[in-house]
Amino acid sequence: MAARINKKRSFLFVSKVLGKHIPVGPYTPLLSGAALALLLYLEMSADSAEREIMDKLMSQAVHGLIYPEFAEEAYHDLLAARLVLPQPALFIGFAETATALGHSMYNMFAGGASYIHTTRENIPELESVVTFEEEHSHAVDHLCYALNPKLLSGTEPIVLVDDEITTGNTAINTIRDIQSKFPRREYVVASLLDWRSTANIQAYRDLEQELGIRITALSLLQGSIEVTGTPLLKPQAGSAEPSAAVAELVTTYIQDGLERLRVSSADAQGVVNLSPYLKYSGRFGLESADNRRIDEGVSRVAGKLRDLREGSRTLVMGVGEFMYLPMRIAAEMGEGVSYQSSTRSPIHPQRRADYGVHSAAAYPSAGDTEITNFIYNVDPGQYDDIFVLLERDVPRQRIEPMTDILQRLAGNKVHLIILASEPETGGSRI
């Protein structure tokens with residue numbers, strides 16, 4: 001547990017399997033999405049003849065989540081099952097925390113699946129097909145940029161993927177907006193944790209009756225919580241002091257062979273970044289046929305980063321919503337690699353054994369300097385090398401606040417890796 005700096009919700013469950021606030025082995029968060037995929041398959045498809053096999057895979061997945069040394073084997077065994085749902089399904093991952101979780105869940109299905117994650121980025125050239133609010137969040141607006149206008153227009157089930165459901169209001173808001181534009185009969189809400197109260201569960205049932213739909217809730221862990229007390233709205237002491245030593249910073253552009261989308265972003269001040277977006281991040285929609293292309297790009301980048309590693313302890317970092325591809329790349333970089341992502345979620349740090357966030361470093365986001373981003377639970381010298389992966393180029397002065405912090409955390413070297421489809425100016429190129 002940890003305390004949020006948020007008057008709407010004062011607490012946070014700090015996940016040991018998500019790869020957001022705590023560094024983890026990269027196969028652990030990948031396996032968490034895979035386990036949700038298997039839950040969905042058992043709910044929608046598995047017949048009695050194969051249920052025994054699926055139950056064994058689920059036991060293996062849970063074992064791998066509890067004991068990280070078994071996560072890689074469990075993940076690959078699940079992937080090898082090549083699950084196919086009885087009908088097509090659209091997966092939607094919630095930004096920013098569940099973008100990789102949703103992608104990993106979708107990726108488990110060998111065919112008939114599509115995926116998109118919501119975003120909080122403003123892309124002027126594109127129009128959001130659905131827009132909704134996350135009421136408890138410090139950043140409420142969710143946008144959904146689907147390049148294929150038919151992505152949401154079918155009647156297939158929609159699977160909403162989040163890391164944690166506390167009230168279920170985010171899913172209700174999403175379902176209402178989707179149903180008003182792209183009506184269908186079936187929704188699934190999948191999450192690692194489900195803490196809905198009896199009244200919250202009834203709200204789903206009421207919505208089913210109101211809209212004439214069916215909502216299925218799936219989770220790896222379900223329970224109840226009770227919150228008392230007053231939120232702490234001023235940051236508390238507890239951050240580790242960064243090291244006085246400054247690690248070397250190396251900027252490298254790596255060609256991943258993946259297609260780019262030539263659209264821009266605009267921040268709250270109206271500053272425009274013309275650098276193209278990675279088309280296959282999940283932000284613009286994916287189908288099962290795209291997965292092989294993504295796999296090839298991941299292996300290409302991971303092979304190049306393996307050659308850049310110098311120490312035995314390596315941290316690979318995603319940035320904000322860009323989580324899944326760095327996670328996949330980290331998984332193929334060899335032994336001694338941990339993964340996590342920066343986040344915009346403000347949390348009180350406190351260094352004690354029973355608390356989830358013991359250190360915090362804050363800096364203005366490279367994408368929008370009015371947004372504060374954080375790196376949690378990384379101590380100076382904990383890693384020899386830190387690789388931070390960007391899906392698109394950003395002005396150097398905007399990324400410096402983050403790299404300055406990382407240079408005081410890394411024991412040896414910080415690699416700023418900018419993924420590109422073709423050579424860019426500045427930095428080394430691979």
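The values are calculated or read from the model by the stated rules, or taken from the named source; none is laboratory data. Just so it is clear, the model here is predicted, and its values are computed rather than measured. Neighbour counts are summed over all protein chains in view; Cβ atoms, including those assigned to glycine, are modelled from backbone coordinates with ideal geometry. Note: accessible area is taken over every heavy atom of the protein model, side chains too, but ligands, DNA and RNA are not part of it. Shrake-Rupley method; radii C 1.70, N 1.55, O 1.52, S 1.80 Å.
Here the simple spin-label model places points 7 Å from the Cα toward Cβ, and for Ala80 and Glu186 these points are separated by 2.9 nm.
Taken as Cα centroids, region 344-396 and region 195-209 sit 36 Å apart, rounded to the nearest whole angstrom. Take the Cα of Val250, step 7 Å toward its Cβ, do the same at Ala268, and the gap between the two points is 3.7 nm. Amide H to amide H, with H built 1.01 Å from N, Ala146 comes under 5 Å of Val129, counting only residues 5 or more places away or on other chains.
Volume per residue of the convex hull around the Cα atoms, evaluated for the chain, comes out as 138 Å³.
In this structure region 181-232 gives 57 Å² per residue of accessible area when probed at 1.4 Å with all protein chains present. Dipole size of the chain about its Cα centre, with +1 on Lys/Arg Cβ and -1 on Asp/Glu Cβ: approximately 420 debye, rounded to the nearest 20. Running a GNM on the chain with Cα contacts under 10 Å, which residue among Glu208, Glu226, Glu186 ends up with the highest mean-square fluctuation? Fluctuation is largest for Glu226.
Taking 7 Å steps out from each Cα toward its Cβ at Lys16 and Asp307 produces label points 3.8 nm apart. Among rounded, prolate and oblate, which fits region 1-46 when a ≥ b ≥ c are the square roots of the eigenvalues of its C-alpha gyration tensor, a/c under 1.5 means rounded, and a/b larger than b/c means prolate? Oblate, since a/c reaches 1.5 and b/c is not below a/b. Taking the Cα of Arg292, stepping 7 Å toward and past its beta carbon, and measuring to each backbone N in region 253-267: which are under 18 Å? 257-259, by backbone N distance to the label point.
Computed extension gain for Ile213 through Lys7, at 0.36 nm per residue and net of the alpha carbon distance, reaches 70.8 nm.
Residues whose amide H lies under 5 Å from that of Ser338, counting only those 5 or more places away or on a different chain, are Thr314, Leu315, Val316; hydrogens are built 1.01 Å from N in the peptide plane. In the chain, the calculated helix contribution to ellipticity at 222 nm averages -9000 deg cm²/dmol per residue, counting -39,500 (n - 2.57) for every DSSP H run with n ≥ 4.
Rounded, prolate or oblate: pick one for region 142-260, where a ≥ b ≥ c are the square roots of the eigenvalues of its C-alpha gyration tensor, a/c under 1.5 means rounded, and failing that, prolate if a/b is larger than b/c, else oblate. Verdict is oblate for region 142-260.
The orientation-averaged projection of the convex hull spanning the C-alpha atoms of region 316-430 amounts to 7.9 square nanometres. Amide H contacts for Glu186 (H built 1.01 Å from N in the peptide plane; partners 5 or more residues away or on another chain; cut-off under 5 Å): Ile158, Arg214. The calculated FRET efficiency for Glu370 paired with Ala49, based on their beta-carbon distance and R0 = 51 Å, is about 0.35.
Of the solvent-accessible surface of the chain, computed with a 1.4 Å probe and all protein chains present, 50% belongs to carbon and sulfur.
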